[in-house]
Amino acid sequence: MSYQSFQEKFIARSRQLLQKFWENHHKKARDETEDIAFTFLEEYHQTLYPEQTLSYLSENRAILPLKIRTAELILKQINIYYLPYRLESLLPYCDPFTAVATFLNALNFTYEAIIQQPTQRKLAENIFKEFMEIEQYYKLESTGINEFPLYEAAATHDFPHFQNTVFGLKRALDIIDMLEQVQPRNYENQKQKILQSWHQQKAQQFDKIIKELTQ
């Protein structure tokens, strides 16, 4: 075998290995970004824009502040002056109009209904105020809590029911904080159960846990 032939085979093999490395690297990077924001888009986006293809998280973050500002301006046009964290978290994956429309769809709202119907506009404003209050005191993005029951409750447009759900979420987050501080036996199992199934817990169960943790 000539030196040139050997060199060509060596280069070809190196390219194959490098290509495989980059494929695995990008697959891992994509897997790591398929978090709750991407799940949220898949859940609520498809019925709005089935012809669009959702993109993976872009590595270029320079455009994000502009997208955030655009989303804020879109909400302002429908008399909403707060950008919820979950809505903001969608922006790296899609354009601001898709992000806002997806979030509104999760709450069973449309631009048209909010603009044309005063009762819908007032309800939307009240729901967004509840999101603002939650996010003033709790860092949902760092807890890993199952947020979907919150949006499902909002989508019923039964505001007292939604408020009860918000109260349950706050109580669950308070208990998670207490568990982290006290760290009783098997607290990780308790924590994971509450994070995923808090909406299925009765108030008495939460009260019992709080009593045990404060004794």
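What to note about this one:
- In this structure I209 has an accessible area near 30 Å², from a 1.4 Å probe over the protein heavy atoms.
- Hull volume in cubic angstrom per residue (convex hull over the Cα atoms of region 81-209): 105 Å³
- Counting lysine pairs in region 81-209 whose alpha carbons fall under 21 angstrom apart, excluding pairs fewer than 8 residues apart on the same chain, gives 13.
- Length added when fully stretched, T156-Y187, from 0.36 nm per residue minus Cα-Cα: 7.8 nm
- Accessible surface for F159 stands near 50 Å², nearest 10, in the context of the full protein assembly shown (1.4 Å probe).
- Using the Cβ-Cβ distance between Y82 and Q116 with R0 = 30 Å, the FRET efficiency computed as 1/(1 + (r/R0)^6) comes to roughly 0.90.
- Maximal additional length on extending the E43-E133 stretch stands at 29.9 nm, based on 0.36 nm per residue less the C-alpha distance.
The values are calculated or read from the model by the stated rules, or taken from the named source; none is laboratory data. What you see is a predicted model; the values in this text were computed from it and never measured. Ideal geometry is used to build each Cβ from the backbone, glycine not excepted, and the neighbour counts take in all protein chains shown. With ligands, DNA and RNA removed, areas are computed over all heavy atoms of the protein, side chains included. Shrake-Rupley method; radii C 1.70, N 1.55, O 1.52, S 1.80 Å.
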